[in-house]
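All remarks here apply to the structure that follows.
Read-outs: derived from the displayed coordinates by stated rules, not from any lab. These numbers were taken from a predicted model, which means no experiment stands behind them. Methodologically, a virtual Cβ is constructed for each residue, glycine included, from the backbone with ideal geometry; neighbour enumeration extends over all protein chains shown.
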Amino acid sequence: MKIHLKKGAGKEAGRALRRSLAAALPGCRFLAFPGGLEVRPPSPERAADFAPRVENMPGVARVSFSDEELCPLACARGGKLFSRPLDFSGGRKVFIAGPCAVEDEKLYLASAVALKAAGAHALRAALFKPRSSPYAFQGIGWPGLGIIARAKKLTGLPLVTEATDTRQVQRLAAVCDVLQVGARNMRNYELLKETARSGRTVLLKRGMRATLREWLLSAEYLLRHGARKLILCERGDALNLPGAPLLDLALMAAARKATGLPVLADPSHASRDREIAAALAAKALKAGADGLLIEASLDPARARVDGRQTVTVETFGALAGKFRCKPRG
Ligand code: PEP
Ligand code: MN
């Protein structure tokens, strides 16, 4: 924790600060730097809880933290504290594919089989959809649980599904292998805790316009509350501005570097257009993405949601064929 002092705060303000901190955080170490004081508490998580009081002390301009101080588990760079989750593809790029939502059973099962043949390692299996409009299709919900269970039996592929509410977590975890926390819920801390407690692998999307720090903090929630297998996924900021990048590739690389976790790209929600999605997917994979979460089905034209951005199985197969043998690096 770095405490930046106000200009002209004076030596006495610095000394008073040291005295209060030493009393409040016994065992902390101090290192002076020009314009402030670095404080190293015996356990780093104490600092986040203590910062609001420090900010309020006389002479203090602001308090800052490194990612490692705020997110000690997320920044432990894997291995040590939690295992890498994408072992089902043997260290290669990972492809999670399927329609935006599970809808018609026959089409879903046929798509699942075709996607497996085209190179998918896991299936999108969304029953609950977080929609921006309350009038839009919200997913088929629990009646779909049997459908996705049958898809898993038929293909042997792991299922990736999104829980939009804490009350869905345990029941979905009983059937699905990976629980997705969607962009809108990246900051839903109770959902993060409950999802972590399920013991399942968690796929954490970056919230729209969330900073790296916010993303890491949400990952920290998951790890702090029991998740041991974690995948990050970048889906863009939905800015819809001409020329704005659709996926933040630099941020993906920074997240990968900070955490050592696998980082997937979701070109579908980033582009909202199947042709752009295919090109964006290739760009993200070339830029070092560990794999894709991509909307794909046998009949995108029939989808009630996101059909326009859903690629065909042929397009998916071409992408997977080109990149599947590439090591994740
Ligand atoms: C999804 O992947 O199904 C989804 C809803 O995406 P996002 O949370 O990124 O909008
Ligand atoms: Mn979708």
Within the chain, the percent of DSSP beta bridges that are antiparallel, given to the nearest 5, stands at 30
Output the pairs from K205/K257; K257/K286; K106/K193; K229/K322; K116/K322; K116/K193 with a Cα-Cα distance over 23 Å in this structure; if there are none, say none. K106/K193; K229/K322; K116/K193
Which listed residue (A265, L298, G146) has the Cα farthest towards the positive end of the charge dipole for the chain, taking +1 on Lys and Arg C-beta and -1 on Asp and Glu C-beta about the Cα centre? A265
For a footprinting-style exposure proxy, rank C75, C100 by other Cβ within 10 Å, fewest first. C75, C100
If you average the alpha carbon positions of region 1-40 and of region 284-329, how far apart do those two centres end up, in angstrom? 52
In what sequence do L107, L222 fall when counting other Cβ within 10 Å, fewest first? L107, L222
With charges set only on the Cβ (+1 for Lys and Arg, -1 for Asp and Glu), what does the dipole of the chain come to about its Cα centre, in debye to the nearest 20? 780
For region 75-323, take every pair of Cα atoms, bin their distances at 5 Å starting from 0, and report each bin as a whole percent. 1, 7, 15, 20, 22, 19, 12, 4, 1, 0
Helix check for the chain. Which DSSP H runs span at least 20 Å along their own axis by Cα, with a mean Kyte-Doolittle hydropathy no less than -0.5? 10-24
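Could you pull out the GluC sites (Glu not before Pro) across region 268-326 that fall in loop regions by DSSP (anything but H, G, I, E, B) with no more than 11 other Cβ atoms inside 10 Å?
none
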